[in-house]
Amino acid sequence: MSKLTKQTTGEAESLEQWAILVLPWLPPSALSAAASTCRSLSRVAATVNSRRVADAARGLEIYPIPFHNPTSDPTPYSYFLYSRFPFSSPPPFCQSWGGNLSRPATNPFSLANFISSVTTVSFFSGCDCVGCSIDGGCPCSGFDDGGGIGVGSLRECGVHCSCGLECVNRTTQRGIGVRVKIVRDLKKGWGLHADQVLNKGEFICEYAGIIKL
Ligand SMILES: [Zn+2]
Ligand SMILES: [Zn+2]
């Protein structure tokens, strides 16, 4: 009897070790299906879920971006692919999220990958400033107010410029430098909220969605 118990415990541990590697790759529906099969998978799935709720950014940003759902809707988080840079096409099929790495060892959606996807386009050119400035000194810098629709865009140094990531004209490329959270609203769904006091004009993040006017 004790031998049987020992063997069962060992099998459960092996299953959990396997699950820790595999379950973070599953979308919510498959994750809950796996959790319903046995207690070992249920435990690992609960950990994966709590890590997902704690950081939508998968450890890729300076600060975690937590989900907060004060509504009666039980959805704990929104599932999507997360990247700090535009995806090269085609976008990845899936992304590990909620595993035991606090910060991914490698970021498959990195600036280096993004650069390699655009450097083949020959008409891009960059500046060769000795210290770029954002007050007109650097030809790359600029701001477009969007023609009065209330949403502007920044022009920044790029992959063909001689400057590095520390350049003052690369604000958006350094990621989200303020604390934000994703909050659930019963009527509007998930929305991004500030989680600290923001200064007027302070950069929050790049908006990469669709603007409906
Ligand atoms: Zn420059
Ligand atoms: Zn430049």
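None of the figures in this text is laboratory data; all of them are computed from the coordinates on show. Only a predicted model underlies this, so the values are computations on that prediction, with no experimental measurement involved. When we count neighbours, we look across all protein chains shown, and the Cβ atoms used for this are built from the backbone with ideal geometry, even at glycine.
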Margin query: Amide H of Ser78 versus every other amide H placed in the peptide plane: which residues, excluding those fewer than 5 positions away on the same chain, fall under 5 Å?
Written below: none
Item checked: For peptides 131-141, 50-60, sequence by mean Cβ density within 10 Å, most packed first -> 50-60, 131-141
Check: If segment 1-54 were replaced by its equivalent ellipsoid, with semi-axes equal to the square roots of 5 times the Cα gyration tensor eigenvalues, what would those be, largest first, whole Å?
Finding: 24, 10, 9
